[in-house]
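Working notes, beginning with the structure itself.
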Amino acid sequence: MGSDMPARNAGTVVRAGARGLVAAMAMTGVRTVTAAVGPHEETPPEAFVKEHLPFLGKLPPRHQEALTELFHWTYGAAGGVAYGLLPRGIRGSTLSGPLYGLAIWLGFEAGIAPMLGVRHVHEHGFQWRAAVALDHVLYGVVVGGRLAPEPAGSGGRVTRRRLPPLRPGRGPR
């Protein structure tokens, strides 16, 4: 984000980054539930950390898991920022968020993982891939702001209503 970016765009980008963080956290919740009812499959963040940050293996498992989640959440927030930088015309489409979420996953599977040598990519079956795809559609719905859209006519800015001052002993007017 350069300093020449208009304030309304900066707010849009920051909110999209925050939505990316929340979306990555929601994905963690979905993974927790699905792992409890089915076999545990190694997720892309787990595979990346295991293969590229082996020094974390010296930490207690709880700390490894926490750092893996923080890594995933950071990646999710960065993905949200990137979504916020897309032109408004693209972000305005109802399908842009879910398609963006799928594009993030497919980009990792087809480009980033092979480039980094993350081996898990081709070891999973259809059910796992379908679950991960749906997980990333959820990410895209949240990042796209469809669950909490911007106020109409705000141009990306959040407007705050001023509350009347409190009057002693009487509460708000």
With criteria (1) at pLDDT 80 or above; (2) loosely packed, with under 14 Cβ neighbours inside 10 Å, residue 81 comes up short on (2)
So, first residue under 15 Å from residue 45 (Cα atoms) and among the small types (Gly, Ala, Ser) in segment 109-134, second residue surrounded by fewer than 12 Cβ atoms within 10 Å (Cβ to Cβ) and modelled with pLDDT of 75 or more, Cβ within less than 7 Å, six or more apart or across chains; the pairs are none
When every residue in segment 47-78 that is open to solvent by 60 Å² or more (accessible area, probe 1.4 Å) and charged (D, E, K, R) is compared, the one modelled with the highest pLDDT is 62
Within segment 134-164, restricting to residues that are modelled with pLDDT under 80 and at positive phi, the one that is surrounded by the fewest Cβ atoms within 10 Å (Cβ to Cβ) is 153
Of the residues in segment 97-133 that are over 21 Å from residue 53 (Cβ atoms) and not in a helix (DSSP H, G or I), the one that is modelled with the highest pLDDT is 125
Residue 86 passes all but one of the listed conditions (1) part of a helix (DSSP H, G or I); (2) open to solvent by less than 60 Å² (accessible area, probe 1.4 Å); (3) over 19 Å from residue 30 (Cβ atoms); the exception is number (1)
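The values are calculated or read from the model by the stated rules, or taken from the named source; none is laboratory data. The structure presented is a predicted model; accordingly, all values stated were derived computationally and were not measured. Ideal geometry is used to build each Cβ from the backbone, glycine not excepted, and the neighbour counts take in all protein chains shown. The protein model used for the area step is the full one, side chains on, heavy atoms only, and it has no ligands, DNA or RNA in it. Shrake-Rupley method; radii C 1.70, N 1.55, O 1.52, S 1.80 Å.
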